[in-house]
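One structure is given here, and the rest of the page talks about it.
The values are calculated or read from the model by the stated rules, or taken from the named source; none is laboratory data. It should be emphasised that the depicted structure is a prediction, and the values quoted were computed from it without experimental measurement. Glycine also receives a Cβ, built like all others from the backbone with ideal geometry; neighbour counts cover every protein chain displayed. Protein only, heavy atoms only, side chains kept; ligands, DNA and RNA dropped before computing areas. Shrake-Rupley method; radii C 1.70, N 1.55, O 1.52, S 1.80 Å.
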Amino acid sequence: LAAVLTASAMTFTQLSDDSPSIQSYTPPPVPNDSRYTLGFQYGLGKIQMPTAWAVTTGTGTVTVAMVDSGADLDHEDLLANLVTGYNVPSPASPPDDDFLTPGGHGAMMAGVIGATTNNAIGIAAVDWDVNLMPVKVCNSSSVCTLADTATGITWAADHGADIITVFPAFDTDTGNVL
């Protein structure tokens with residue numbers, strides 16, 4: 001068994017009496033984002049993201065809508081992946097996350113799903129190359145209605161979302177946010 005190391009992959013060549021075979025192994029990419037390298041994002045290892053990253057880090061062809069409190073539209077780790085979104089409670093305003101100052105739940109979810117990764121800042125995301133569509137359905141007091149949530153889901157589907165994540169959870173008997 002012979003092993004050949006290159007800068008990007010390790011190739012094992014096994015020679016046998018029957019016929020030679022070559023097996024190639026490319027190690028998964030390791031993000032250099034500060035929160036990842038410092039060990040704060042241990043959850044990505046628990047869900048085996050490094051194994052998934054060995055297959056793909058994203059293609060830029062998938063749009064994920066986050067029906068939530070919006071997103072931090074000025075965040076340096078989100079800017080490159082944001083696409084046009086919608087603010088259901090205030091349609092004339094951008095879907096900026098203003099719950100608990102910029103950086104509320106919607107902004108956090110946007111980062112987990114698709115922050116710009118391997119840029120030595122912030123966090124590593126599940127999908128490094130994804131279109132993030134923020135759909136704001138909660139106001140700055142985190143009040144979300146069932147009607148606004150339904151409108152947000154419909155808007156996202158009508159505007160090309162491939163995947164829709166929904167944050168607000170409702171009691172189906174009362175319609176109250178849980």
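With each pseudo-label sitting 7 Å past Cα toward Cβ, what's the residue 163-residue 46 distance in nm, one decimal?
Result for the modelled spin labels: 1.9 nm.
If you take every residue apart from residue 152 with its C-beta less than 10 Å away from the C-beta of residue 152, what net charge results, scoring Lys and Arg +1 and Asp and Glu -1?
So the surrounding residues net to -1.
What whole-number value in cubic angstrom gives the convex hull volume per residue for the C-alpha atoms of segment 21-163?
125 Å³
Within 9 Å, Cβ to Cβ, of residue 104, how many net charges do the neighbouring residues add up to if Lys/Arg are +1 and Asp/Glu are -1?
Summing Lys/Arg as +1 and Asp/Glu as -1 gives -4.
Excluding ligands and nucleic acids, what accessible area in Å² is computed for residue 128 using a 1.4 Å probe, to the nearest 10?
Near enough 40 Å² of accessible area.
Which length gain, in nm to one decimal place, applies between residue 62 and residue 92 when the Cα-Cα distance is subtracted from 0.36 nm times their residue separation?
Extending this stretch completely gives an extra 8.2 nm.
Starting at the first residue of segment 129-143, write each ³J(HN,Hα) from the Karplus equation 6.51 cos²θ - 1.76 cosθ + 1.60 with θ = phi - 60°, in whole Hz, x for Gly and Pro.
9, 9, 8, 9, 10, x, 10, 7, 10, 10, 7, 5, 9, 6, 8
May I ask for the distance between the Cα centers of segment 42-62 and segment 103-126, given as a whole number of Å?
Their Cα centres are 13 Å away from one another.
If packing is taken as the mean number of other Cβ atoms within 10 Å per residue, what is the order of 81-92, 27-38, highest first?
Those peptides, ordered most packed to least, come out 81-92, 27-38.
Per residue of segment 34-46, what does 6.51 cos²θ - 1.76 cosθ + 1.60 with θ = phi - 60° give for ³J(HN,Hα)? Whole Hz please, x for Gly and Pro, Karplus curve as stated.
For segment 34-46, the Karplus-derived couplings read 4, 5, 6, 5, 7, x, 6, 9, 4, x, 5, x, 5 Hz, x marking Gly and Pro.
Using modelled backbone amide H atoms (1.01 Å from N, in-plane), which distant-in-sequence or interchain residues come within less than 5 Å of residue 86's amide H?
It is 135, 136, by chain and number.
Put 105, 75 in order of accessible area, largest first, 1.4 Å probe: what do you get?
75, 105
Suppose every K and R has +1 on its Cβ and every D and E has -1 on its Cβ; what is the size of the dipole of segment 57-115 about the Cα centre, in Debye to the nearest 20?
Dipole about the Cα centre, nearest 20: 220 debye.
Quick one: Karplus J couplings for segment 115-125, per residue in order, coefficients 6.51, -1.76, 1.60, θ = phi - 60°, nearest Hz, x for Gly and Pro?
4, 4, 10, 6, 10, 6, 9, x, 10, 8, 9
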